[in-house]
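Report on the following structure.
The values are calculated or read from the model by the stated rules, or taken from the named source; none is laboratory data. All values derive from a computational prediction rather than experimental measurement. Here Cβ is always computed from backbone atoms with ideal geometry, including for glycine, and neighbour counts include all displayed protein chains. Ligands, DNA and RNA are excluded from the accessible area calculation, which covers all protein heavy atoms including side chains. Shrake-Rupley method; radii C 1.70, N 1.55, O 1.52, S 1.80 Å.
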Amino acid sequence: MPDKLMRLLRSEPAPEPPRPVMLAIAGDSAAGKTTLTRGIAAALGPDRAAALCVDDYHRYDRMERRSVPFTVLNPECNYMSVMEQHLQLLALGRPILKPVYDHSTGQLVRPVLVEPREFVIVEGLLPLHTRLSRACFDIAVYLDPPEDIRRKWKLKRDCAERGYTREQVLAELERREPESDAFIRPQRQQADISVRFAPVAGHDARPGTPLSAEILLRPTIQHPELSHVLTDDDRRTVHLKLMRDGDGRPVDALHIHGYAPREDSAIVEKAIWEQLSFAPSQALAGEGLPDKLGEYAPGRRSEPLAIAQLLLLWHLLEART
């Protein structure tokens, strides 16, 4: 089968130069995929990381989609076979000529050449939808914010950046709901890591407090060891515990509260960073932890976001060895 062949090819001894490390970040529209991707790519730098969005593989532009019976969340509305082919090429270290969908105009514009780097970060609506596409990735992530928060984010973004009215966004959300349920949310079960940014239930946070994060670490890949650093007894704002996921599978759940003091989150960051199998100072060009992690707006920082990005950065760097 093509997906098994792809896994075999990627498991062969690395050529020179080595094949890229591939990270997928899947999730519904306005789930925070681009924000999560941006900090990781910035930490690695453009010479080492290439980031691309598979929403560029839309089959129709915005005007044409008015006459089709499905939305962009449906695989039928996307060139999935081309996406699979391009992911395979990138995973094997080969360049692609990627289509481009301009979200500001709703138009399909001139393709761009994407050269694989040491790391390739792929985000979008459907990167984990097929077996073949999943076989191209070393690490798979699903962003899973509560629906009320995601809808607020989508309203804010689409009205401010994409020229939609509030009524248009709300109507499109309702139209998309069946396909979100059918095609987007099932990808969560295919992810090694699930990330949910949301307020802490029952906690009266001050206005402007960043959202907390629950990061589920499935045993499908090896994660940094944190149990000796964090327990429910000694970390009230950052803690790790074993729990059952919705399907009954056991997972480690790392909770980082948005109101966590910087000194608590720094303990987690240091614990993750020091578990690299090589000297942390060799991981990136600069010394110490990347300072751009956690930025979600100019001058605004979220400790839960920083830890989520750092955890994925650790996975990328470890997969390289």
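Does Val82 satisfy being under 16 Å from Pro127 (Cβ atoms) and either of a type in the set (Lys, Arg) or open to solvent by 10 Å² or more (accessible area, probe 1.4 Å) (or both)?
On the way: under 16 Å from Pro127 (Cβ atoms): yes; either of a type in the set (Lys, Arg) or open to solvent by 10 Å² or more (accessible area, probe 1.4 Å) (or both): yes.
In short, yes.
Can you work out which of the residues in segment 102-124 that are over 17 Å from Leu87 (Cβ atoms), in a strand (DSSP E or B) and not hydrophobic (A, V, I, L, M, F, W, C) is least open to solvent (accessible area, probe 1.4 Å)? Within segment 102-124, the match that is least open to solvent (accessible area, probe 1.4 Å) is Asp102. Whether a residue is modelled with pLDDT under 95 and either small (Gly, Ala, Ser) or in a loop (DSSP other than H, G, I, E, B) (or both) was assessed, and Pro127 does not pass this test. Please go through segment 34-79 and give me each residue that is of a type in the set (Ser, Thr, Tyr) and assigned to a loop (DSSP other than H, G, I, E, B), ordered by number. Answer for segment 34-79, where residues must be of a type in the set (Ser, Thr, Tyr) and assigned to a loop (DSSP other than H, G, I, E, B): Tyr60, Thr71, Tyr79.
Sort through Leu92, Leu97, Leu87, Leu113 and tell me the only one that's modelled with pLDDT under 95 and under 23 Å from Gly45 (Cα atoms). Talk me through it step by step, then tell me what you get.
Values: Leu97 fails: modelled with pLDDT under 95; Leu87 fails: modelled with pLDDT under 95; Leu113 fails: modelled with pLDDT under 95.
Step by step, each of Leu92, Leu97, Leu87, Leu113 is checked, and only Leu92 is modelled with pLDDT under 95 and under 23 Å from Gly45 (Cα atoms).
Of the residues making up segment 59-77, those that are open to solvent by less than 50 Å² (accessible area, probe 1.4 Å) and aliphatic (A, V, I, L, M) are Val68, Val72, Leu73. Scanning segment 125-139 for residues that are open to solvent by less than 10 Å² (accessible area, probe 1.4 Å) and of a type in the set (Ser, Thr, Tyr) gives a single hit, Ser133. Cβ-Cβ contacts under 9 Å between residues 6 or more apart (or on different chains), taken from a first residue in segment 1-27 that is part of a loop (DSSP other than H, G, I, E, B) and open to solvent by 100 Å² or more (accessible area, probe 1.4 Å) to a second residue that is aliphatic (A, V, I, L, M) and modelled with pLDDT of 90 or more, are listed as Met1/Leu132.
How many residues does segment 175-218 hold that are in a loop (DSSP other than H, G, I, E, B), of a type outside the set (Gly, Ala, Ser), touching a residue at least 12 places away in the same chain (Cβ under 8 Å) and open to solvent by 10 Å² or more (accessible area, probe 1.4 Å)?
Let us first name the residues in segment 175-218 that are in a loop (DSSP other than H, G, I, E, B), namely 191-192, 199-211, 218.
Keeping just the survivors that are of a type outside the set (Gly, Ala, Ser) gives 192, 199-200, 203-204, 206-207, 209-211, 218.
Next, from what is left, pick out any that are touching a residue at least 12 places away in the same chain (Cβ under 8 Å): 192, 199-200, 203, 206, 209-211, 218.
Applying the additional criterion that residues be open to solvent by 10 Å² or more (accessible area, probe 1.4 Å) yields 192, 199-200, 203, 206, 209-211.
Residues flagged as in a loop (DSSP other than H, G, I, E, B), of a type outside the set (Gly, Ala, Ser), touching a residue at least 12 places away in the same chain (Cβ under 8 Å) and open to solvent by 10 Å² or more (accessible area, probe 1.4 Å) within segment 175-218 amount to 8.
In segment 35-57, the residue that is most open to solvent (accessible area, probe 1.4 Å) out of those that are farther than 14 Å from Ile25 by Cα and of a type in the set (A, V, I, L, M, F, W, C) is Ala42.
Does His257 count as crowded, with 19+ Cβ neighbours inside 10 Å, modelled with pLDDT under 95 and under 21 Å from the mean Cα position of the chain (by Cα)? In short, yes. Say we look at segment 140-166 and pick out the residues that are of a type in the set (Asp, Glu) and farther than 22 Å from Asp102 by Cα; which of these is surrounded by the fewest Cβ atoms within 10 Å (Cβ to Cβ)? Among those residues, the one meeting the criterion is Asp148.
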